[in-house]
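A quick write-up on the structure given underneath.
The values are calculated or read from the model by the stated rules, or taken from the named source; none is laboratory data. In this text, all values refer to a predicted model and were calculated from it rather than measured experimentally. Note that we place each Cβ from the backbone using ideal geometry, even for glycine, and neighbour counts take in every protein chain shown. Please note that ligands, DNA and RNA were not included when accessible areas were found on the heavy atoms of the full protein model with its side chains. Shrake-Rupley method; radii C 1.70, N 1.55, O 1.52, S 1.80 Å.
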Amino acid sequence: MFGEIRKWLEFVRFSHTVFALPFALASMLIAARANHGWPGARPFFLILIAMVCARTCAMAFNRIVDRKFDKENPRTSIRHLPTGAISVASAWTLWTVSAVGLVAAAWFLNKACFYLSPAALFVVCFYSLTKRFTDFTHVYLGIAIALAPIGAWLAVRGDFALRLEGAPTGGLGGGCLVPSLLAVAVVFWLIGFDVIYAIQDYDFDRRHGLHSIVVRWGPKNALRAAFLSHTIMLLLLGVFGLLCGFRLAYFIGLALIMVAVLFEHFIARIRKMNWVQNAFFRLNALISIVFLAVTFAEVAFPGFRFAR
């Protein structure tokens, strides 16, 4: 039984949920700032269900539509669909169940989430097709992942209110800008690390007519684009912190995120591709978890100050 569960978790790379989920939870904390970041048990668990279902749906769709390419690519030929460990029919069943789960969770959250849930499903699944016709597939992935903080904000608020309740006087205010700015930062974060990840498949993608910034510009120029993207992400997160009125804890966390980003690019530039998997997962998981931790510290303990 446990082996079967593990197989399905590996099929959708469930461990990679740690990428988008912390940004969604951070957005949730800020949206519920007037209550020290806690929206209530019911919205919290519904947000978790919606996030897990959305990502599972997207990953199942990705594995289904890419199964022929995965079979021919030595790096991905051992995945579940190419080897027959999971049938295509079973994968479609998982896709259907997770799609229904997202819509159902959205229904119980509020009308805005429910009405927008089909559009969210389309966006997160459509990404998997973009590598067939555009070099900027990484941008589409960024947009898909950036729906997480937007969705979590709507789940708590139900709209984009102009006033950021609970923000300290030192903040710049502007509640509608908060989730939007965080979403844009996530887009640039995803562009950066997905370009690095795509370097592994540069030769395969080029031979099979698949598109990416790496194929279009070559690995060296693509890495420069990834670094620029991550630089913009760090700047946006800095503005985000100011907008929310965050102080020392947040900017210490932002410094740690910057170190993680620089290390990721160092690994990519020395072309240790056997390190990319570790860098891709561990460093980007660290970035998202640190961001959630310092956001929680700022929202849950607004009166806390470091001793002089």
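Considering (1) assigned to a helix (DSSP H, G or I); (2) open to solvent by 50 Å² or more (accessible area, probe 1.4 Å), the lone condition that residue 78 does not fulfil carries the number (1).
Scanning the stretch 118-162 for residues that are assigned to a helix (DSSP H, G or I) and touching a Lys or Arg at 6+ places or on another chain (Cβ under 8 Å), which turns out surrounded by the fewest Cβ atoms within 10 Å (Cβ to Cβ)? Outline the logic, then answer.
Initially, the stretch 118-162 is screened for residues assigned to a helix (DSSP H, G or I), giving 118-130, 137-157.
This time we only want the ones that are touching a Lys or Arg at 6+ places or on another chain (Cβ under 8 Å), so: 124, 137.
Working: 124: 26, 137: 24.
By that ranking, first place goes to 137.
Do we find that residue 108 is of a type in the set (A, V, I, L, M, F, W, C), open to solvent by 30 Å² or more (accessible area, probe 1.4 Å), at pLDDT 95 or above and closer than 20 Å to residue 14 by Cα in this structure? Spell out the reasoning first.
Working: of a type in the set (A, V, I, L, M, F, W, C): yes; open to solvent by 30 Å² or more (accessible area, probe 1.4 Å): yes; at pLDDT 95 or above: yes; closer than 20 Å to residue 14 by Cα: no.
The answer is no for residue 108.
Scoring residue 49 on the criteria (1) within 23 Å of the chain's Cα centre (by Cα); (2) buried (at least 19 other Cβ atoms within 10 Å of the Cβ) leaves a single failure, condition (2).
Scanning the stretch 189-237 for residues that are open to solvent by less than 10 Å² (accessible area, probe 1.4 Å) and among the basic types (Lys, Arg) yields a count of 0. Of all residues in the stretch 10-32, those satisfying the criterion of being of a type in the set (Gly, Ala, Ser) and either closer than 30 Å to residue 83 by Cβ or in a helix (DSSP H, G or I) (or both) are 15, 20, 24, 26, 27, 31.
Would it be correct to say that residue 2 is under 25 Å from residue 93 (Cβ atoms), under 21 Å from the mean Cα position of the chain (by Cα) and of a type in the set (Phe, Trp, Tyr)?
Numbers: under 25 Å from residue 93 (Cβ atoms): yes; under 21 Å from the mean Cα position of the chain (by Cα): no; of a type in the set (Phe, Trp, Tyr): yes.
The answer is no for residue 2.
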